[in-house]
C-alpha cells in the first residue's frame, strides 16, 4: 500500500512558521495550545518574527513549555493573560507583566463562542493528517478545540510525534489555515517520588474510594501518591480533566477497567494529559482512552451522572469555616480555579459521590499551617464553605458539608498539624466558634494511637471498626448516649435519667491516650461514622490499677461487641503495664456480669448491698 503523502496533498496549506506568523497582526488575540501540547516551534517563531507586532494579546490555559512572550523585553509587543498560572509565567504575573482571568474551566469555551474572550489566531499542535484529512489534537483537547473553532485563523504545528488520540479530539485540515510541519519531542513532565506526607494523604483518600468508583484527579503530586493505594480496588473508572503516568500501573494491575462507569463505559475519559514519553506512547492509537473538550468533561451535569464519582482536588489553605483557597498565596496569584469547582459540584451531586479537597497540613517546611483561623489577606475563595465536603490531610479526613461551624472547627483542628491545634482552638474561641470551656490539649505530646485501630467481624457477620476515641467524636458520642434506653442508662450509670452535656462529653473525648484509654466501635453513618459502643479505663498511676466500663447501644447489644471490647481494652491495658481492673455492676445487669466472668480472668466479686464490686488481676488468667 502506498504511504499517504499529506504534505503533497495539502501543499497549498503547508508553510513555514515564519510565513505563518505573517497572519498575525498588531492587536490580535492569540491563543496558545495547552499543557504539553504547546506548539513550541510556533511559540518561538512568534517571538522571533514579531518585529512588526505590537499589543498582541496572548491567552492560554496552562502551558508547560517556555513562555518567551512573557519576558520583560517583550512587554510592548505581547500582553499575556492566563486562565491557569504555571511555573513558566508565574514570574511575569508577580512583576505585573501578565494578567490572570479567574474562571471555571467549564465556562471558558462559552466565552470563546460568544466573543467575550476573542480569539483572532490559534496556535495549536496536531498529529499528521490521516487519509481523511483528520488531525488529532493528541495530548491536549481541553479548550484547544473550542479556541480553534472560534478563531479567525488557525495555525497548526504538525508534529509526527504527537500521539493520535480518540474521542472528540479531531480537527479537519479544512478548519486549519496553515499547516506547519515540524517534529519535536512532546513536552514531558516527570513524576517525583511522593513524600511520606503525600503518601499518607494518598492512603487517607483511598479509604474514601469504593470499588466501582469513577475518579477525577487534579494537577499535582497527590494523584501519584494516591495511585499506590488504589491497586487493590476493583473496576475503577476515570473521568478527569487530566491524568499522568500514574494511570498506567493502575490499568495494568486491573484496578482501572472503566467497566462500571455510568457514561462512556469501558473508556478512560479526559481532556488532556501530561507525563512522560512512556505515557504518550501508551495512549497513541489506544482506543481505551478518549479525549473530549472541556465543555463536556468538566460539565457538572455530565460529572454528576457518574455513580460513585470521586472528585479529588487540592487546596493551598482552608479556614476554620471551610473556605478553600486554591489559586493564590495572599495577593499573589499562584495557579487558577481550573476544574476544581466543576468537579466539586458534579461529584457532590453524583449518587454515592464524594467531593474531596486534599492538602498537606503545613507549608514552608512545616513552618505554617494550611488550616488557618482566617484566609491570608488577599487570598481568594475557590471552593466556598457551602460547597466543601471532604477535606483530607496526612492526619485524617474531615467531612464538613451540612455541619455547623462548631463541628467544622473541631473536625478541621484535628486534621491540622498537632503543633498548630492549640492555637487554632484558641483562635476559634476568640471568634466564638467554640465554647469557652473547650479543652485544650498539648497535642504535640498527645499522639493519636493509630496502631490501636482495627476491624473485626461480629457473630452475625457485621464488620465493625474499633478505634481510640477522638475529640471530634463528641457529637456522635452524645447522640449515642441520648439514644440509650432507660434500662441501659440505669445499668451503666445506676440512675434512671441522666444528661450528657458538653462539659461532660468533652472529658470523655479529650484524653491523653496514656493514662486513660477509650475505644469506640463505629459503623458508617449518613454523615460519617456512628458510634455504637464504647469501652474505657481510667488509670490510677499510684496503684497501676484502672476502673473499666463499657456501654453498647441498645440495638447493638447481644451481638458480641461487649465481649470484644473488654477483651481488646484488656489487651491494651496489659501492654501498657496496667495490673488490675475494677468495676461496679448492678446485680440486674446479667449481660455485663457474664462478660466479666467469661473474660478468662479470676474474678473477685463482692456485693455491697446495692451493686457488685468486680476486681481482677490482669496478670492472673484462668
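Every number in this text was worked out from the coordinates using simple rules, so none of it is lab data. All figures in this text were calculated on a predicted structure; none of them were measured in a lab. Ideal geometry is used to build each Cβ from the backbone, glycine not excepted, and the neighbour counts take in all protein chains shown.
Mean 1/r over all different Cα pairs, inverted: what Kirkwood radius does the stretch 6-181 give, in Å? Write down the numbers at each step before the final one.
Values: mean 1/r = 0.0623 Å⁻¹.
Its Kirkwood hydrodynamic radius stands at 16.0 Å.
Can you sort 365, 25, 233 so the residue with the fewest Cβ neighbours within 10 Å comes first?
Sorted ascending by nearby Cβ count, the order is 365, 25, 233.
What FRET efficiency comes out for residue 286 versus residue 196 if R0 is 30 angstrom and r is the Cβ-Cβ distance? Round to the nearest 0.05.
The value I calculate is 0.35.
Report the Rg/Rh value for the stretch 196-430, based on alpha-carbon coordinates and the Kirkwood definition of Rh.
0.98
So how far, in whole Å, is the C-alpha centre of the stretch 175-229 from the one of the stretch 20-97?
26 Å
By DSSP, what percent of the beta bridges with both residues in the chain are antiparallel, rounded to the nearest 5?
In the chain, DSSP labels about 50 percent of beta bridges as antiparallel.
How do 63, 257, 509 line up, fewest other C-beta atoms within 10 Å first?
The order, fewest Cβ neighbours first, is 257, 509, 63.
Pop a pseudo-label 7 angstrom from the Cα along the beta-carbon direction at both residue 331 and residue 429 and give the gap in nm to one decimal.
3.4 nm
Simple spin-label model, 7 Å along Cα-to-Cβ: residue 174 to residue 25 in nm?
About 2.7 nm, to one decimal.
What percent does the relative contact order of the stretch 196-430 come to when contacts are Cα pairs within less than 8 Å and at least six residues apart?
With pairs under 8 Å counted, the relative contact order is 18 percent.
Does the stretch 526-622 come out rounded, prolate or oblate, given a ≥ b ≥ c as the square roots of the eigenvalues of its C-alpha gyration tensor, rounded meaning a/c under 1.5 and, failing that, prolate meaning a/b above b/c?
Oblate is the answer for the stretch 526-622, as a/c is 1.5 or above yet b/c matches or exceeds a/b.
I want to check the label-to-label distance for residue 620 and residue 454. Put each point 7 Å from Cα in the C-beta direction and report it in nm to one decimal.
Output for this residue pair reads 2.6 nm.
Answer with a single label: of [x] 1.45; [y] 0.96; [z] 1.10, which was calculated as Rg/Rh (Cα atoms, Kirkwood Rh) from the structure in view?
It is the value labelled [z].
Taking just the C-alpha trace of the stretch 450-617, give me its Rg and Dmax in Å.
Rg and Dmax of the stretch 450-617, Cα atoms, are 15.3, 45 Å.
Distance between Cα centroids, the stretch 286-309 to the stretch 522-595: provide it in whole Å.
Cα centres, the stretch 286-309 to the stretch 522-595: 49 Å.
When averaged across all projection directions, what area in nm² does the alpha-carbon convex hull of the stretch 370-505 cover?
11.2 nm²
Using only the alpha carbons of the stretch 417-475, determine the length spanned along each of the three principal axes and report them from longest to shortest in whole angstroms.
For the stretch 417-475, the Cα spread along each principal axis is 48, 23, 15 Å.
Hey, fewest Cβ within 10 Å first, where do 76, 547, 3 land in order?
3, 76, 547
In percent, what relative contact order does the stretch 1-144 have, based on Cα pairs under 8 Å that are 6 or more apart in sequence?
27 percent
Once fully extended, how much extra length lies between residue 437 and residue 485, figured as 0.36 nm per residue of separation less the alpha-carbon to alpha-carbon distance?
Value of the extension gain: 14.4 nm.
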